[in-house]
Amino acid sequence: MGLDNNKYEGIDMHDKISTYNFKDIIANFNIAPGDYDIEPFGSGHINDTFLLTIGSGYDGAYLLQKINHFVFKNVDGLMTNMLHVINHLKGKAGTSGDPAKEILTLVPCKDNKYYWQDDQGNYWRMTYFLKDTQSYDLVTTVKQAYQGGAAFGNFHWLLCDLDPALLVDTIPDFLNIEKRLDNLQRAIEKDSVGVVKQVQPELLYLLEYASSMGEISQLGRAGILPLRITHNDTKFNNILLNQYDEVQCVIDLDTVMPGFVAYDFGDAIRSIINTAAEDEKNLDAIQLNMPLFEAFVKGYLSKTVCFLTEQELKSLVKGALLLPYMQAVRFLTDYLEGDVYYKTHFPGHNLQRARAQMQLFKMLESKKDELTNIVQQQWLLIKNDLKALNA
Ligand code: ADP
Ligand code: GN1
Ligand code: MG
């Protein structure tokens, strides 16, 4: 994570910090008044996150986020979703755990709402900062991967009985590949920044796979895959691990809405199995770490074996291929549109990201059968263990 004085992911944040009147913003939230230090935090591509600390250490620290309302058009709906999910998770928290540490807690504003709009039209929210935790952009150990699987599997399990009708789609068709490909097509036709001619090989490659990528959507529409409440942004850095690298909390709840488990499985795998960064320039460095895949599967199935359908099980590897493909489509579309969606840190960043995700997709495609066998084996092993336990 990029905290180096005021350099944040390579960007100088002096300007960004001085853009906002933090004193006024903070004054609208129900926190103890004081002289808070403010630093940019995290490496998310969408929202702007700031850490608020008082004195030394992280006691009494908060995380303040400016919600990207270009991306999230319905902030009120998004925050209502977030409250439903948080309340549901807190309602289920067992006596063994500590809900304040394991589930995000929103700080209310003085008007009792959970977000505040400043006079420039920006939307702000605040959560308690969970100290002694870490998030990883790159996964390096089987323990981390296993914990990631258990975290998202448990998340699906806990939300199984939350009424999907309570949640709005915070971004309509967010993970609908057919719509994403339509957007790419529109961006090609518009060619608003004149770069389409530079990316012909990438476009040809992506379009070659387009028709086979709609399978999960089609199975969903046919009612073969059940719509559940899913996270939809299961990048590994959206989990906080404690100091022993055990899962503590699933974060970044902006996109929790109805979806298919294969999407969450696939997006997590995208960020776990890759030996290199999401935006790796050197494509040869992008390799698959199979032990991490197996560990994630083990963790995920240990929490979901009791409710996943056979069709869902079969869809998991399809999701693992689809998500890097879809990410390549999304990054490339943003490149063609002039970098209007994701934060970028240098010109051509979205193209570099798209190429890296395409490379990851190619690697996964070549190992599809091996990945499927691992899922099947783990499923059988866990089922047998359960049978033995209940015998
Ligand atoms: P984004 O939408 O920009 O990805 P996130 O909600 O994921 O924003 O937060 C960005 C980063 O901040 C996370 O990857 C994590 O490192 C850290 N983070 C988020 N929420 C908390 C929290 N409550 N306590 C500690 N760290 C947090
Ligand atoms: C964005 O906010 P962040 O960085 O967790 C994006 C995800 C992408 C991800 C790619 C709302 O997630 O969909 O998978 O970047 N979030 C949104 O790194 O578009
Ligand atoms: Mg995030």
Exercise. Looking at this structure, is Thr127 within 20 Å of the chain's Cα centre (by Cα) and in contact (Cβ under 8 Å) with a residue 40 or more places away in the chain?
Worked result: yes
Seminar exercise, completed: Restricted to region 210-265 and to residues being of a type in the set (Gly, Ala, Ser) and either in contact with a Pro (Cβ under 6 Å, 6 or more places away or on another chain) or crowded, with 21+ Cβ neighbours inside 10 Å (or both), the residue nearest to Tyr146 (Cα to Cα) is Ala262
Exercise. All but one of (1) assigned to a loop (DSSP other than H, G, I, E, B); (2) exposed (fewer than 15 other Cβ atoms within 10 Å of the Cβ) hold for Phe174; which doesn't?
Worked result: (2)
Problem set entry | Flag for Asn237 being assigned to a loop (DSSP other than H, G, I, E, B), touching a residue at least 12 places away in the same chain (Cβ under 8 Å) and either within 15 Å of Asp264 (Cα to Cα) or within 16 Å of ligand 1 (Cβ to nearest atom) (or both) | no
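Table: residues versus (1) more than 16 Å from ligand 1 (Cβ to nearest atom); (2) surrounded by fewer than 24 Cβ atoms within 10 Å (Cβ to Cβ); (3) more than 25 Å from Lys362 (Cβ to Cβ).
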| site | (1), (2), (3) |
| --- | --- |
| Asn289 | yes, yes, no |
| Thr309 | yes, yes, yes |
| Lys314 | yes, yes, no |
| Lys318 | yes, yes, no |
| Leu322 | yes, no, no |
| Arg330 | no, yes, no |
| Thr333 | yes, yes, no |
Seminar exercise, completed: Counting only residues that are buried (at least 19 other Cβ atoms within 10 Å of the Cβ), within 16 Å of ligand 2 (Cβ to nearest atom) and assigned to a loop (DSSP other than H, G, I, E, B), region 137-171 contains a total of 3
Problem set entry | Residues located in region 356-370, provided they are touching a residue at least 40 places away in the same chain (Cβ under 8 Å) and assigned to a helix (DSSP H, G or I) | Ala356, Gln357, Met358, Gln359, Leu360, Phe361, Met363, Leu364, Glu365, Lys368, Glu370
Problem set entry | Exclusive hit being touching a Ser or Thr at 6+ places or on another chain (Cβ under 9 Å), of a type in the set (A, V, I, L, M, F, W, C) and more than 16 Å from ligand 2 (Cβ to nearest atom), set Ala285, Ala262 | Ala285
Problem set entry | region 51-63: number of residues that are assigned to a strand (DSSP E or B) and over 18 Å from the mean Cα position of the chain (by Cα) | 4
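No lab work stands behind these numbers, since they all come straight from the coordinates. Quick caveat: nothing in here was measured; it's all calculated off a predicted structure. Please note: Cβ atoms are built from the backbone with ideal geometry, for glycine as well, and neighbour counts cover all protein chains shown.
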